[in-house]
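Below are the structure tokens for one structure; questions will follow.
The values are calculated or read from the model by the stated rules, or taken from the named source; none is laboratory data. Nothing here was measured: the structure is a model prediction, and the numbers come from that model. Neighbour counts are summed over all protein chains in view; Cβ atoms, including those assigned to glycine, are modelled from backbone coordinates with ideal geometry.
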Amino acid sequence: MRSLLILATLGFAAAEDGLSAWLRYAPIPHAKHYHDKLPSAVVTLNATEGLPVYTAGEELVDGINGIFGKELSVGDDCERDSVVTVGTVAAYAKNGGCVDELPDLIEDGYHLRIDGGNVLILGQNERGALYGAFQYLARLAQGQVTDDTLTSNPEVPVRWVNQWDNMRDGGTHGSVERGYGGDSIFFWDGVVREDLTRAGQYARLLASIGLNAVVVNNVNANETILTPSNMDGLARIADAFRPYGIQLGLSLRFDSPQLLGDLDTFDPLDDDVVAWWQEKTDELYRRIPDMAGYLVKANSEGQPGPLTYNRTLAEGANLFAHALEPHGGIIMFRAFVYDHRSLDQDADWKADRANAAVDFFEGLDPDFEDNVVIQIKYGPIDFQVREPVSPLFAHLRETGSAVELQITQEYLGQQAHLVYLAPMWRELLDFDLRADGEDSTLASIVSGQRFNQKLAGYAGVVNVGHNTTWLGSHLAMSNLYAYGQLAWDSSSDPVEMLEAWTKMTFSHDQEVIDVITKLSMESWPAYEDYTGNLGVQTLTDILLGHYGPNPGSQDGNPWGQWTRADADSIGMDRTVWNGTGFAGQYPDEVYEKYENIETTPDNLLLWFHHVPYTHVLKSNKTVIQHFYDAHYRGSAVAQTFVPLWESIRGKVDEERYEHVLYRLVYQAGHSLVWRDSVTNFYLNKSGIPDEAGRVGNYKYRIEAEDMALDGYVPYLVDPFEAASGSWCIVTADNSTQGTASTKLDVETGTYSVAVNYYDQAHGNATWALYLDDDMVGEWKGDHEYILGKAPSMYIDGQTATRMTFKSVKVKSGSELRIVGTPDGEEPAPVDYISILPEGIID
Ligand code: GCV
């Protein structure tokens with residue numbers, strides 16, 4: 001039996017900076033006790049350096065050493081006792097192993113047999129063997145040192161991730177579009193990076209959760225990706241991926257033949273265009289024989305496509321399908337097709353961006369080639385906190401579809417807010433579209449089972465960056481982990497995934513597991529509560545960073561994320577009888593449910609219906625009171641995240657503890673910004689007061705514009721609701737220090753002192769807070785270097801921030817003074833200061 005000498009170690013330092021994510025292989029409690037239940041040697045079958053079985057051997061050596069402190073010898077005798085053998089089924093059979101009894105494996109599947117120290121890991125292919133090794137190691141890392149026999153096959157063949165990496169920094173929305181973890185790990189300055197270490201590490205993480213391909217560049221693609229030197233660079237990325245069985249995919253720009261190839265057309269039916277794409281595809285496959293395929297965004301948000309030439313989307317997709325077919329590649333063609341320039345809500349009550357996907361794809365289903373997969377965002381608009389499942393999934397019967405999920409939290413707090421997404425994905429995957437009146441969960445459709453399609457699956461927009469945390473936040477990595485698990489097995493449970501992830505990422509300590517589970521499981525409902533509820537969408541500023549609150553930005557523009565809020569009513573009427581007709585795109589049972597206001601669930605009410613603010617929900621509350629209550633409830637939950645996390649201080653390494661704490665404190669403050677912005681916006685629109693008297697009444701606040709100002713001047717904020725009382729103060733110019741002071745009219749006692757200010761990009765202003773002659777604290781406006789969220793230079797809901805000093809001793813009649821020093825374009829803005837007795841949030 002041939003084997004491989006494994007000498008290398010993986011070189012992943014134990015530093016707790018997040019780089020190793022859940023693959024830390026950290027020692028587990030009582031590690032030594034397990035030594036005699038573990039293998040003593042590893043045997044890899046027919047391993048070649050740079051391919052997954054070889055990697056599997058390295059991981060097993062490294063993992064068992066890290067977790068248990070046991071060094072495995074590397075041998076070639078799999079007959080001897082206490083050996084972990086890893087390889088393909090074919091290699092095992094060739095080497096005399098008995099495979100007669102093994103259950104069937106499909107592509108990428110594996111068997112795992114654990115019998116004390118004798119462990120057999122067999123993959124249907126090399127990648128499957130590596131998945132099996134990672135599965136075995138994941139069990140060990142969670143302390144499961146028990147005998148077991150299992151066979152695991154992936155539910156779907158397409159388990160891809162998409163990176164929206166630009167070729168250069170300063171491309172659309174930064175180096176990684178909607179990426180919050182730093183610069184691209186693949187590209188820099190228009191070319192592929194020389195050092196691709198992070199690309200290999202990324203592939204390792206993805207392989208460990210069963211994923212199989214990465215589209216490395218932005219769907220808003222650039223034709224220069226196809227220059228000869230960049231194709232050489234792509235080949236180097238593919239080389240970095242290959243040891244982990246991860247394949248490379250590529251986003252293409254539809255008009256590349258014109259931009260790069262000097263053709264005077266990009267018509268998909270033009271012979272020269274067809275030949276151009278074939279040649280480019282052949283060139284790519286010469287460099288990267290195992291390339292996974294292409295991803296194309298066509299006729300959407302400025303990206304060109306076949307419609308320019310009156311060709312159908314199917315003709316556009318098939319252009320690439322034909323070029324890829326000889327090489328076995330697939331084309332992921334996006335359903336995110338809409339025209340963001342011509343939609344007009346005033347001119348046409350029936351206009352609706354949500355209709356676009358089904359309208360554009362209607363009738364094309366039979367026309368797509370077999371190697372086309374339609375990649376569909378989970379909802380009809382754009383990764384909102386709550387959307388119904390896209391009805392297009394029920395329309396494609398012959399062509400396979402993949403659901404596009406977003407791990408990067410574009411509209412969901414951009415990793416500066418904790419939002420564990422698996423519960424949302426669970427609900428979406430379990431949603432039954434009732435196609436032809438039969439069970440048709442989204443999971444069954446994208447597995448290809450429901451409509452008997454061979455190609456189908458998952459595409460996750462991940463957008464990791466150079467930051468050692470990958471996504472910009474340690475806790476956000478549970479989303480990537482869960483995405484992989486769900487793509488492999490759509491029935492995976494959000495809590496179980498989280499617990500497994502926590503054990504491997506942080507600790508086996510039950511308190512740590514309980515705290516992270518509680519925080520994470522409460523995070524999506526809380527975020528929905530304090531951002532946009534009842535199906536109104538997230539209410540982020542959609543014209544700028546998609547981050548902070550700006551409910552007014554949804555309407556009055558052609559982007560089509562409308563709420564149609566006026567003085568009396570709110571919501572998109574998407575009924576067939578009176579509205580945009582969107583509800584009619586669903587199969588009958590679902591259509592009837594959404595068409596009828598009585599059967600539409602409250603959490604999607606405003607998605608489907610336009611109602612007065614006084615409309616009474618199933619909960620017996622009015623819409624407007626629900627808004628008020630939910631925003632207060634959600635932001636109150638976010639306040640609890642901080643003490644919860646603090647309760648495990650010392651049980652998590654200091655570096656990651658502080659990193660997470662910083663973000664949770666920030667989130668607690670920003671959730672209040674959200675609460676106040678949204679509730680005041682709708683109070684102002686509707687004129688209907690909050691029954692509980694909270695909205696607009698903040699008795700613990702001292703408005704900065706009401707303080708005595710020296711060097712500071714009042715500033716009217718736009719949108720008005722992004723400032724308490726609509727005003728803040730800014731320094732008179734960008735070189736004058738400002739002071740705002742007031743005499744405190746509070747009883748002597750211990751308080752939390754909260755300062756709401758604005759941390760803009762383009763400057764690092766400083767603030768210092770004093771009580772009489774004592775400094776309470778000072779801080780800098782440097783979030784642009786700390787939080788990965790979209791930077792903003794405006795004084796608005798994106799930059800509004802709260803700083804809280806706890807347990808401050810305050811004397812009645814003391815002078816409170818805040819001194820702001822501007823820097824760059826940041827005029828040290830202050831909104832208000834709250835003197836909060838114990839337990840009060842305000
Ligand atoms: C990559 C939304 C995002 C864009 C993104 C687009 C898409 O519009 O804001 O940044 O572009 O979706 O998914 O193509």
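In segment 323-357, which residue that is in contact with a Ser or Thr (Cβ under 9 Å, 6 or more places away or on another chain), farther than 18 Å from residue 395 by Cβ and in a helix (DSSP H, G or I) is farthest from the ligand (Cβ to nearest atom)?
Within segment 323-357, the match that is farthest from the ligand (Cβ to nearest atom) is 326.
Continuing with this model, one more query. Return the pair list, or none, for Cβ contacts closer than 9 Å from residues in segment 794-822 that are within 18 Å of residue 703 (Cα to Cα) and free of Cβ contacts under 8 Å to residues at least 40 places away in the same chain to residues that are in a loop (DSSP other than H, G, I, E, B) and β-branched (Val, Ile, Thr), at least 6 apart or on different chains.
That search, which allows pairs on different chains as well, returns nothing.
Could I ask something else about it? Among residues belonging to segment 417-468 that are hydrophobic (A, V, I, L, M, F, W, C), part of a loop (DSSP other than H, G, I, E, B) and within 16 Å of the ligand (Cβ to nearest atom), point out the one that is surrounded by the most Cβ atoms within 10 Å (Cβ to Cβ).
464
While we're looking at this one, here's another question. Please specify each residue of segment 256-282 satisfying the condition of being more than 18 Å from residue 321 (Cβ to Cβ) and acidic (Asp, Glu).
Those that are more than 18 Å from residue 321 (Cβ to Cβ) and acidic (Asp, Glu): 262, 264, 272.
With (1) away from the ligand (no atom under 13 Å from the Cβ); (2) in a loop (DSSP other than H, G, I, E, B); (3) touching a Phe, Trp or Tyr at 6+ places or on another chain (Cβ under 6 Å) as the list, and residue 403 as the residue in question, which single condition is left unmet?
(2)
Related question: What number of residues within segment 615-665 are farther than 30 Å from residue 689 by Cα and not aromatic (Phe, Trp, Tyr)?
Matching residues across segment 615-665 total 20.
Scan segment 619-640 and give yes if some residue there is in a loop (DSSP other than H, G, I, E, B), in contact (Cβ under 8 Å) with a residue 60 or more places away in the chain and among the aromatic types (Phe, Trp, Tyr), otherwise no.
There is no residue in segment 619-640 that is in a loop (DSSP other than H, G, I, E, B), in contact (Cβ under 8 Å) with a residue 60 or more places away in the chain and among the aromatic types (Phe, Trp, Tyr).
Next up: Can you name every residue in segment 56-74 that is over 38 Å from the mean Cα position of the chain (by Cα) and surrounded by 17 or more Cβ atoms within 10 Å (Cβ to Cβ)?
74
Which count do you get for residues in segment 476-514 that are touching a strand residue (DSSP E or B) at 6+ places or on another chain (Cβ under 7 Å), part of a helix (DSSP H, G or I) and farther than 14 Å from residue 459 by Cα?
Residues in segment 476-514 being touching a strand residue (DSSP E or B) at 6+ places or on another chain (Cβ under 7 Å), part of a helix (DSSP H, G or I) and farther than 14 Å from residue 459 by Cα: 1 in total.
So if I check each of 139, 127, which one is under 24 Å from residue 90 (Cβ atoms), at pLDDT 95 or above and either within 16 Å of the ligand (Cβ to nearest atom) or over 21 Å from the mean Cα position of the chain (by Cα) (or both)?
Details: 139 fails: under 24 Å from residue 90 (Cβ atoms).
Just one listed residue meets the conditions, 127.
Condition (residue is of a type in the set (Lys, Arg), assigned to a loop (DSSP other than H, G, I, E, B), modelled with pLDDT of 95 or more and more than 30 Å from residue 68 (Cβ to Cβ)) applied to segment 561-580: is it met by at least one residue?
yes
A follow-up question, please. Mind listing whichever residues of segment 376-389 are assigned to a loop (DSSP other than H, G, I, E, B), in contact with a Leu (Cβ under 9 Å, 6 or more places away or on another chain) and within 16 Å of the ligand (Cβ to nearest atom)?
Residues satisfying the conditions are 378, 379, 380, 383, 384, 385, 387.
Sort through 568, 602 and tell me the only one that's in contact with a His (Cβ under 8 Å, 6 or more places away or on another chain), of a type in the set (D, E, K, R) and outside the structural domain of residue 352 (by the TED database).
After ruling out the rest, the residue left standing is 602.
Check segment 779-789 and report whether any residue there is part of a loop (DSSP other than H, G, I, E, B) and touching a helix residue (DSSP H, G or I) at 6+ places or on another chain (Cβ under 8 Å). Quick ask: steps written out before the conclusion?
Of segment 779-789, the ones part of a loop (DSSP other than H, G, I, E, B) are 781-782, 787-789.
Cutting the leftovers down to touching a helix residue (DSSP H, G or I) at 6+ places or on another chain (Cβ under 8 Å) gives us 787, 789.
Checking segment 779-789: at least one residue is part of a loop (DSSP other than H, G, I, E, B) and touching a helix residue (DSSP H, G or I) at 6+ places or on another chain (Cβ under 8 Å).
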